[in-house]
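The values are calculated or read from the model by the stated rules, or taken from the named source; none is laboratory data. Remember, it's a predicted structure, so these values are computed and weren't measured experimentally. Positions of Cβ are backbone-derived with ideal geometry, glycine not excepted, and every protein chain shown enters the neighbour counts.
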Amino acid sequence: MADSPGSPGTILNFIPFISSIEPTFWYKLSEIKLDEDKLKEVPRRVQGFFNHNSSCRLYINNSSFSR
């Protein structure tokens, strides 16, 4: 009988992923830096979208900035 996920003896495997940063992310970042942040170095939260179906890819685009 195979171990169920989370039970003792279950092997945890880590799969490397690829990040995909779309050009719209860089455009939005430059817009924020010029119009809102000016010369300030403030941290910003960014939200990514992870797809683990076939390619294990993390997507980041202009909608990644939380408001």
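So in segment 55-67, with the set limited to residues that are among the hydroxyl-bearing types (Ser, Thr, Tyr) and at pLDDT 85 or above, which one is surrounded by the fewest Cβ atoms within 10 Å (Cβ to Cβ)? Only one residue tops the list, namely Ser63.
Every residue in segment 43-64 that is on the phi < 0 side of the Ramachandran plot and not polar (S, T, N, Q), please. Scanning segment 43-64 gives Pro43, Arg44, Arg45, Val46, Gly48, Phe49, Phe50, His52, Arg57, Leu58, Tyr59, Ile60.
On the stretch given as segment 17-35, residues that are more than 10 Å from Asn62 (Cα to Cα) and either at pLDDT below 90 or of a type in the set (Lys, Arg) (or both) total 5. The residue pairs whose first member lies in segment 50-67 and is aliphatic (A, V, I, L, M), whose second member is part of a loop (DSSP other than H, G, I, E, B), and whose beta carbons are closer than 6 Å, counting only pairs six or more residues apart or on different chains, are Leu58/Phe17; Leu58/Gly48; Ile60/Gly48. Of everything in segment 39-54, what is farther than 15 Å from Thr24 by Cα and surrounded by 10 or more Cβ atoms within 10 Å (Cβ to Cβ)? Give them in sequence order. Residues satisfying the conditions are Arg44, Phe50, Asn51, His52.
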